[in-house]
Amino acid sequence: MLSAFTNSLKIPELRQRILFTVALIFVCRLIAVIPTPGVDAATLQAIVDRMVQGTGNIGFMGMLDLFSGGALTQAAIGALGIMPSISASIILQLLTAVIPSLEKLAREGDAGRQQIIQYGRYLTVALCIVQGYAMAALLLNPATMGLQAMEGEVIVTMARWPFILLTILTMTTGTMMLMWLGEQITARGIGNGISLIITISIVSRLPGAINQAISMFREGSANIFTLVTMLVLVFLVIGAVVAVTQAQRKIPVQYAKRVVGRKTYGGQSTYMPLRVNYSGVMPIIFAQAILMFPQRLLMMVPLPAVKTFAEVYLRDYGPLYMTLYSLMILFFSYFWVATQFHPVQIADDLKKYGGYVPGIRPGKPTAEFLDRVMTRITLAGAVFLTGIAVLPMILSSQFRIPPMVAQFFGGTSLLIIVGVMLDTMRQVESHLVTRHYDGFLRKGHLRGRR
């Protein structure tokens, strides 16, 4: 496996792609640390650090700050990160399933997809403007996001409206710059650019997590047994995530022979791969995004009983919160499959090209069979996804592990890192195998290439 990394630098084209990717990732990290004009970054970071030490997390901003690599809590020019682009992409994917005109564009090949991508860019700009205004308003009034400034501490050093307009312009430009860099990595580098930017942003928090883990031992809150248990657990979880990410149900497909002139088409056997975790990390993101708001909305109600209920039962990592979180992940796992997996269309395409599943009649019976199989394997994937998502919460609330450390034992962070690394390794391996070098696995290649 180590020789594969060495061989990667021996191929001129692959070496150029890797260095190009590394250079653009470095630029992305610069965007994540340069503060927005008019913001005292040192004061903001001091306030955030006090809140993290007092509560163990930064509330509903935690997930957004995770995807921006800490840029959000530093009010950097890349504070919004790549999330507006991802949100726009998700919105368009969902709308494509319900709006006929978008569905028609999606079926028109590259031209239609390019048009949808252009719509996504326009929607990204609109989301950036809204989120940039919200970010400026939060910095002007930090108490609304739970940040308590001490006497004499001032985050914003400019007048209100000039700061709001400058923040909207700066953060929108930062997000569009990140999106453009991601597209360049995809086209001229290695791996999926947007996914790599998110992964590097998550991994950038690893040194801080390691520092907190070391502090646990220095303070006496953990011992060598805890260290060994944590190391064993992280390897087991990573192995399980890799296995489920790669897992798929292979549906055999047979194509009938067709004779056109002197040529014979079809007659071969293949299979249709149905992924166990078809929805990926999307159910977790949906569940986190929705559960950001109930507690904050109830805290605005001027009734002591309602506020007490929100503080006790809807607090982050509380029993009711984790129960709702788990149920929503299960629901969105099926919701995503229902909107993105179309068994009727797949059955019609198989019938159109002379394919069929052995033992199943073409047409409606095939669609019902695919729907039944997908429903069953989705249940297994959704249960596993729920367990992985809840594990960091249990470690943090029950075993007193800092949230920054616990997030690398599961949840969104680990799923994204594993998925992106596997995809990038497949692309590197394809370059190596094409030029007769050994891949990352000498005895067989990564499963995704078969």
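Just so you know, all these numbers are worked out from the coordinates, no wet-lab data involved. All values reported here derive from a predicted model rather than from experimental measurement. All Cβ positions, even for glycine, are placed from backbone atoms using ideal geometry, and neighbour counts span all protein chains on display.
Under a plain spin-label model, where a point goes 7 Å from the Cα along Cα-to-Cβ, how far apart in nm are A42 and T375?
6.3
With the Cα gyration tensor of the range 214-409 giving a ≥ b ≥ c as the square roots of its eigenvalues, does the rule (a/c under 1.5 for rounded; else a/b larger than b/c for prolate; else oblate) give rounded, prolate or oblate?
Details: a/c = 4.47, a/b = 1.97, b/c = 2.27.
Oblate.
Describe numerically, in nm with one decimal, the distance between label points set 7 Å from Cα along Cα→Cβ at V306 and at A187.
Here the modelled spin labels are 5.1 nm apart.
Checking the a/c ratio against 1.5 first, then a/b against b/c, what shape does the Cα gyration tensor give for the range 83-130?
Judged from the Cα gyration tensor, the range 83-130 comes out prolate (a/c at least 1.5, a/b above b/c).
Roughly speaking, what is the stretch gain from L95 to N211, that is 0.36 nm per residue apart minus the C-alpha to C-alpha distance, in nm to one decimal?
Working: separation 116, 0.36 × 116 = 41.76 nm, distance 4.33 nm.
Full extension of this stretch gives 37.4 nm more.
Work out the FRET efficiency for R218 and V22 from their Cβ-Cβ distance, taking R0 = 35 Å, and round it to the nearest 0.05. Numbers along the way, then the final one.
Working: r = 34 Å, r/R0 = 0.97.
So the FRET efficiency works out to roughly 0.55.
What residues have an amide H closer than 5 Å to that of I251, excluding those fewer than 5 places away on the same chain, when H is modeled at 1.01 Å from N in the peptide plane?
M272, L274
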